[in-house]
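Data block below; observations after.
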Amino acid sequence: MIALRQLKRVPRNHKIVIDVPESIHENQMMEVILLCKEMPKNDKTNKIMQLKNSQYDPLFLSDLQEINDDFNSLDKEVW
């Protein structure tokens, strides 16, 4: 079995063309499955809520601490 992945945007006419590689024989049976991703919510309110929630996110806080530790020695230098 060969698995191929192609990401396509839905055009205005709602018709998608699939590019089949030359290595696949003519008249070979194929199964086509459409997986539709949900559109991300990028509105301003959602972004503000994500920023507010980041102050409680342990992974974000640990990353922030690591960055702070990396630059700690540089901060002590006189420029």
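All of ILE24, ILE48, ILE33 fail the test of being exposed (fewer than 10 other Cβ atoms within 10 Å of the Cβ) and of a type in the set (Val, Ile, Thr), apart from ILE33. Consider GLU22 carefully, then state whether it is of a type in the set (D, E, K, R), assigned to a loop (DSSP other than H, G, I, E, B), under 30 Å from ILE2 (Cα atoms) and modelled with pLDDT of 90 or more. Yes; evaluated as a whole, the condition is true for this residue.
The values are calculated or read from the model by the stated rules, or taken from the named source; none is laboratory data. Please read all numbers here as calculations on a predicted model, not as lab measurements. Positions of Cβ are backbone-derived with ideal geometry, glycine not excepted, and every protein chain shown enters the neighbour counts.
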